[in-house]
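Undergrad: Below are the structure tokens for one structure; questions will follow.
The values are calculated or read from the model by the stated rules, or taken from the named source; none is laboratory data. None of the values given here were measured: they were computed from a predicted structure. Here the Cβ is made from the backbone with ideal geometry for all residues, glycine too, and neighbour counts use every protein chain on show. When the accessible area is computed, the model is the full protein with side chains, heavy atoms only, and any ligands, DNA or RNA have been set aside. Shrake-Rupley method; radii C 1.70, N 1.55, O 1.52, S 1.80 Å.
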Amino acid sequence: MGLRLHVDGDCVRGNVTFDDRHEGAPGIVHGGAIATVLDDTLGLLLVVLGTPAVTANLSVDYRAPALLQTEMIVERWLEQRVDRKLHLRADLSIDGQPVAQARALFLAVEVAHFEKGGRTLLPNWADWGPSL
Ligand SMILES: CCCCCCCCCCCC(=O)SCCNC(=O)CCNC(=O)[C@H](O)C(C)(C)COP(=O)(O)OP(=O)(O)OC[C@H]1O[C@@H](n2cnc3c(N)ncnc32)[C@H](O)[C@@H]1OP(=O)(O)O
């Protein structure tokens, strides 16, 4: 998808362009692909926040057709944290017009949570994200 990301304070911004592999309705990005990008890129925000966490709940409002081959802006930020509960937002827009808006509840976990996946993990959570 050519996702490019940068950190701006506590907000992570990026650009993404979907192509024909992500088509749902003719010429329009599949909603599942949009939800995947919004959820997955929240992972980078967690690295910025320094908090290992996983998605417990994700809801997406689809506000306008997401056109293929069109550069979009993705922005993610922390709205509120209450104990282990992280209330996160992720927005997708084209030329300042909202395309999709996600609200997610992430629950903080120990890094050991990810050992269930059977992969060898980097010991330092800060190293899990790409260098920005
Ligand atoms: C590029 C960088 C890469 C590095 C980035 C690497 C991270 C990438 C993450 C990417 C995002 C993903 O796709 S993660 C993959 C998809 N998600 C998952 O696999 C998560 C699967 N679910 C779980 O493992 C579990 O259910 C947990 C950990 C989420 C919660 O289990 P738990 O720890 O036992 O907590 P539990 O007692 O159930 O709940 C604690 C509190 O949260 C509330 N709670 C729990 N679930 C929910 C829910 N769905 N909706 C509302 N509230 C909930 C409970 O009512 C309770 O509230 P109260 O009574 O305390 O008030």
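Undergrad: Under a 1.4 angstrom probe, counting protein chains only, how are Glu115, Glu75 ranked by accessible area, largest first? Walk me through the intermediate numbers first.
TA: On the way: Glu115 120, Glu75 50 Å².
If we order Glu115, Glu75 from most to least accessible, we get Glu115, Glu75.
Undergrad: Right, something else. Carbon-plus-sulfur fraction of the accessible area of the chain, 1.4 Å probe, in percent?
TA: 49
Undergrad: Using a 1.4 Å probe and counting only protein heavy atoms, arrange Ser93, Ser59 so the residue with the most accessible area comes first.
TA: The ordering from most to least exposed comes out as Ser59, Ser93.
Undergrad: Once both labels are modelled 7 Å past Cα along the beta-carbon direction, what's the Arg119-Asp40 spacing in nm?
TA: Computed distance between label sites Arg119 and Asp40 equals 1.1 nm.
Undergrad: So if each residue of separation counts as 0.36 nm, and I subtract the Cα-Cα distance between Ala64 and Val7, what length gain in nm does that give?
TA: Once the chain is fully extended between Ala64 and Val7, it gains 17.9 nm.
Undergrad: What angle do you read, to the nearest 10 degrees and between 0 and 90, between the alpha-carbon axis of helix 31-49 and the longest principal axis of the chain?
TA: 40
Undergrad: Accessible area, 1.4 Å probe, largest first: how do Arg63, Arg119 sort?
TA: Arg119, Arg63
Undergrad: Whole Å is fine, so just give me how far the alpha carbon centre of region 103-117 lies from that of region 1-71.
TA: 19
Undergrad: Then there is this: Compute the whole-percent fraction of alpha carbon pairs in the chain spaced more than 17 Å apart.
TA: Pairs farther apart than 17 Å: 58 percent.
Undergrad: Sticking with this one: Can you tell which of Val99, Val60, Val111 shows the greatest fluctuation in a Gaussian network model of the chain with Cα springs below 10 Å?
TA: Looking only at Val99, Val60, Val111, the biggest GNM fluctuation is shown by Val111.
Undergrad: Which value, in Å², gives the accessible area per residue of the chain when a 1.4 Å probe is used on the protein heavy atoms?
TA: Using a 1.4 Å probe on heavy atoms only, each residue of the chain averages 57 Å².
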